[in-house]
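Student: One structure follows; several queries about it will come next.
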Amino acid sequence: MDIRAARDTFLAPPPEHRSQPFWFWNDRLDPERLVWQYDRMVDGGTGGACLHARSGLSSDEYLDERWFRGVDAVVKRAVERGTIVWLYDELGWPSGT
């Protein structure tokens, strides 16, 4: 990579080299609102987000149809925008136990 290409990549890194913050899903899940929020994060410079269920989200919503409609809407938007979505695998239980 020449110095100009390195400079350009540094100034405008691809999504995999940008932050992908934990995005707490802790309220009613509305796909349109989730896509709107995702767009704001990406417009602000993130390379995507990590979808993370948190307290406040009812346990009957986690992994139900509403959950997957939200995930589907955000993943489709991420594909459209060329960004990254991570899925965090739990609600209220520690990893690795």
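The values are calculated or read from the model by the stated rules, or taken from the named source; none is laboratory data. It should be emphasised that the depicted structure is a prediction, and the values quoted were computed from it without experimental measurement. Cβ atoms come from the backbone with ideal geometry, glycine included; neighbour counts cover every protein chain shown. SASA here: full protein model, heavy atoms, side chains in, ligands and nucleic acids out. Shrake-Rupley method; radii C 1.70, N 1.55, O 1.52, S 1.80 Å.
Student: Report, to the nearest 10°, how far helix 31-43 tilts away from the longest principal axis of the Cα atoms in the chain, using its own Cα long axis and a range of 0 to 90°.
Tutor: It is inclined by approximately 30 degrees.
Student: Right, another one. Return P(r) of the chain (all Cα-Cα pairs; 10 Å bins starting at 0; whole %; ordered from short to long distances).
Tutor: 15, 43, 26, 10, 5, 0
Student: Still on this structure, please answer the following. Highest mean first, what order results for 8-14, 36-42, 63-69 on Cβ atoms within 10 Å?
Tutor: Details: 8-14: 10.6, 36-42: 15.9, 63-69: 13.6.
Descending packing order for the listed peptides: 36-42, 63-69, 8-14.
Student: Return one whole number: the accessible area per residue of the chain in Å², for a 1.4 Å probe. Can you show the working numbers first?
Tutor: Numbers: 6600 Å² over 97 residues.
Averaged over the residues of the chain, the accessible area is 68 Å².
Student: Now, a different point. By how many degrees, 0 to 90 and rounded to 10, does the Cα axis of helix 65-81 deviate from the longest principal axis of the chain?
Tutor: 10
Student: Something else: Run the accessible area of the chain with a 1.4 Å probe and give the carbon-and-sulfur part as a rounded percent. Please list the in-between numbers first.
Tutor: On the way: 3630 of 6600 Å².
Roughly 55 percent of what the probe reaches on the chain is carbon or sulfur.
Student: Tally Lys/Arg at +1 and Asp/Glu at -1 over every other residue whose Cβ is under 14 Å from the Cβ of VAL74; what's the total? Intermediate results must be reported in sequence, preceding the final value.
Tutor: Details: positive: ARG33, ARG40, ARG66, ARG69, LYS76, ARG77, ARG81; negative: ASP30, GLU32, ASP39, ASP72, GLU80.
That works out to +2.
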